[in-house]
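Report on one structure; see the data block that follows.
The values are calculated or read from the model by the stated rules, or taken from the named source; none is laboratory data. Keep in mind that this is a model prediction, so the values were computed, not measured. Quick reminder, even Gly has a Cβ in these numbers, built from the backbone with ideal geometry, and neighbours come from all protein chains shown. These accessible areas exclude ligands, DNA and RNA; they are computed on the full protein's heavy atoms, side chains included. Shrake-Rupley method; radii C 1.70, N 1.55, O 1.52, S 1.80 Å.
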Amino acid sequence: MKHRHSRNRRMDRIGAALVAVAALWCGGFLWFVDEVPRSNEDQTTHTDAIVVLTGGRDRLTTGLDLLEAGLSQRLFISGVYKGVDLAEILYLGRGHPGLKDAVVLGYAADDTVGNAVETADWAREQNLRSLRLVTGAYHMPRALAEFRHALPGVRLVAHPVFPNQVKSREWWRWPGTATLLATEYSKYLAAITRHWFLPRKAAP
């Protein structure tokens, strides 16, 4: 009987701990959703380069439009698929033929961590001090976390894009968007946790 009561108390403690973890996750998730950008707050600051993280045509066209608008003199596209060349990139980006000399393609990255590392290597080679980061709004918090870790001392200007299929308003009504945000939040938590245990790169 005593052993059974001890086991029940242990199960109660485990259950309470799981409920507490779930409550913390849910509270953090609501904070994360509130942190996802809903607009572009800075559309005028000039930076040393514009960086586009591949993952949608909207990101590419936005990066090229920003370059054409004169917000920087160079554009780095990180995570380009092997075999895709600059001509294809410019075609997908509605042409912009006069910009080809200002565009650099990065083929080394397979994920957001790779994007940050690949961009950091290039930025150090070019001695860059500021970057405008173009990616999906839902992806921006994690992208900024990875880039800040890989590039301490470099100013980052967030420039989110807003894919039509991601319903940022009343996201709870859209199962696909809710799942995407929950997955992105879990990846964000994993990134933050990993950064606690890994030293930052040296500032350029």
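Exactly one condition in (1) open to solvent by 20 Å² or more (accessible area, probe 1.4 Å); (2) modelled with pLDDT of 90 or more; (3) of a type outside the set (S, T, N, Q) is not met by V52; state its number. That leaves (1) as the condition not met. Per the listing V154, V103, the residue uniquely touching a residue at least 12 places away in the same chain (Cβ under 8 Å), under 30 Å from L198 (Cβ atoms) and not charged (D, E, K, R) is V154.
Residues that are part of a loop (DSSP other than H, G, I, E, B), open to solvent by 10 Å² or more (accessible area, probe 1.4 Å) and farther than 14 Å from G136 by Cβ within region 55-94 comprise A69, G70, L71, Q73, R74, Y81, K82, G83, V84, D85, R94, listed in sequence order.
Scanning region 66-101 for residues that are among the small types (G, A, S), at pLDDT below 90 and in contact with a Leu (Cβ under 6 Å, 6 or more places away or on another chain) yields a single hit, G93.
If I ask for residues that are part of a helix (DSSP H, G or I), open to solvent by less than 50 Å² (accessible area, probe 1.4 Å) and not polar (S, T, N, Q), which ones from region 166-191 would you list? W171, A178, L181, A182, E184, Y185, Y188, A191 - these are the residues of region 166-191 that are part of a helix (DSSP H, G or I), open to solvent by less than 50 Å² (accessible area, probe 1.4 Å) and not polar (S, T, N, Q). Taken over region 137-165, residues that are assigned to a helix (DSSP H, G or I), in contact with a Leu (Cβ under 9 Å, 6 or more places away or on another chain) and either of a type outside the set (S, T, Y) or more than 20 Å from Q43 (Cα to Cα) (or both) amount to 7. Taking the conditions exactly as written (part of a loop (DSSP other than H, G, I, E, B) and either at pLDDT below 95 or surrounded by 13 or more Cβ atoms within 10 Å (Cβ to Cβ) (or both)), does A203 satisfy them or not? Here the answer is yes, as A203 does meet what is asked. In region 31-50, the residues that are of a type outside the set (A, V, I, L, M, F, W, C) form Cβ pairs under 7 Å with partners that are open to solvent by 100 Å² or more (accessible area, probe 1.4 Å), at six or more places apart or across chains, as follows: D48/R129. The single condition from (1) crowded, with 18+ Cβ neighbours inside 10 Å; (2) modelled with pLDDT under 90 that L133 fails is (2).
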